[in-house]
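Worksheet: one structure, shown below.
No lab work stands behind these numbers, since they all come straight from the coordinates. Since the model is a prediction, treat every value here as computed from it, not as a measurement. Note: ideal-geometry Cβ built from the backbone for every residue, glycine included; neighbour counts use all protein chains shown.
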Amino acid sequence: MFSLEGQKALVVGIANDQSIAYGCAKAMREAGAEIAITYLNEKAKPHVAPIAEELGAEIFMPLNVTEDGQLETVFEEIRSRWGRIDTILHSIAFCPKEDLHGRVVDCSAKGFGIAVDVSVHSFLRMIRLAEPLMPSGGTCMTVSFYGSEKVVEHYNVMGPVKAALESVVRYAAAELGSKGISVHALSPGPLKTRAASGIKEFDDLLNAAASRAPTHMLATIEDVGAYSVFLASKEASNLTGGVHPIDGGYSIVG
């Protein structure tokens, strides 16, 4: 059950072996999928290259979604090399530090625009490029967080940004369901990743989450990876549009 044998999967957002995207890519590979992996830039490449080698990534390319044409180049390589894509995982987010660490009401228009472009609109662009390569259906996944629906101290402007991302998931799912393309948001509890380390006082958030969760355990990248495999499998083909908490019950406790 939950085999991805024969699938082709693109994973965007691996920074190192602590990344949520790495947990998903590893789980997908172990379930039988062939993997395409991207890295942000030349500075990031040495940290991601060993992972690409470990997972036997057939495609390993640079991708900065703020650079014109890079995303299109990745999908053109997928088209020419594989001819199709079955699963995409979008696990990238960014907000300028001065806007991320300030009050939401003080966020600059420029900072908010950058955050939405990188964290939300890039997922729409990925879906749009993947759609013609999914003639028999497929799965599109992104990564969100509980701060989208409830105020989480220090999460700041990323809360509204993730709320927009989750809305995109629902609308895209409604638009693509008739084509057999499902769209989901994975919503792990707080995880100690490189991206999350930019959030002010994040260690306090981790400790509070472990204390608050009914299981008293933080989610792991392995937990998220296992869930991503399920959503990419044929067994989940009639599921779409969901935001899936993977958090030890963190999000159910008031």
Taking the alpha-carbon centre of each part, the distance from the stretch 22-101 to the stretch 106-145 in Å is 14
In the stretch 24-126, which trypsin sites (Lys or Arg not before Pro) are in a loop and have at most 13 other Cβ atoms within 10 Å, using DSSP for the loop call?
-> LYS43, ARG103
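Net charge around LEU231, counting only other residues with Cβ within less than 14 Å of its Cβ (Lys, Arg = +1; Asp, Glu = -1)? Provide the component values of the computation, followed by the final result.
Details: positive: LYS234; negative: ASP86, ASP223, GLU235.
With Lys, Arg at +1 and Asp, Glu at -1, the net is -2.
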Checked the stretch 20-94 against the a/c 1.5 cut and the a/b vs b/c comparison, axes a ≥ b ≥ c from its Cα gyration tensor; verdict oblate
Note on the chain: C-alpha Rg/Rh, Kirkwood Rh, two decimals, gives 0.94
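Output the DSSP H helices from the chain with an along-axis C-alpha extent of no less than 18 Å and a mean Kyte-Doolittle hydropathy no less than 0.5.
Values: long enough: 158-176 (26 Å, 0.61).
Taking the DSSP H segments of the chain (at least 18 Å long, mean hydropathy at least 0.5), we get 158-176.
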Treating cross-link reach as a plain straight distance, find the lysines whose alpha-carbon is under 22 Å from the alpha-carbon of LYS162, omitting any fewer than eight places away in the same chain.
-> LYS97, LYS110, LYS150, LYS192, LYS200
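Assuming a ≥ b ≥ c are the square roots of the Cα gyration tensor eigenvalues, decide whether the stretch 105-167 counts as rounded (a/c under 1.5), prolate (otherwise, with a/b larger than b/c) or oblate. Let's see the in-between values first.
On the way: a/c = 4.53, a/b = 1.92, b/c = 2.36.
Oblate, because a/c is 1.5 or more while a/b does not exceed b/c.
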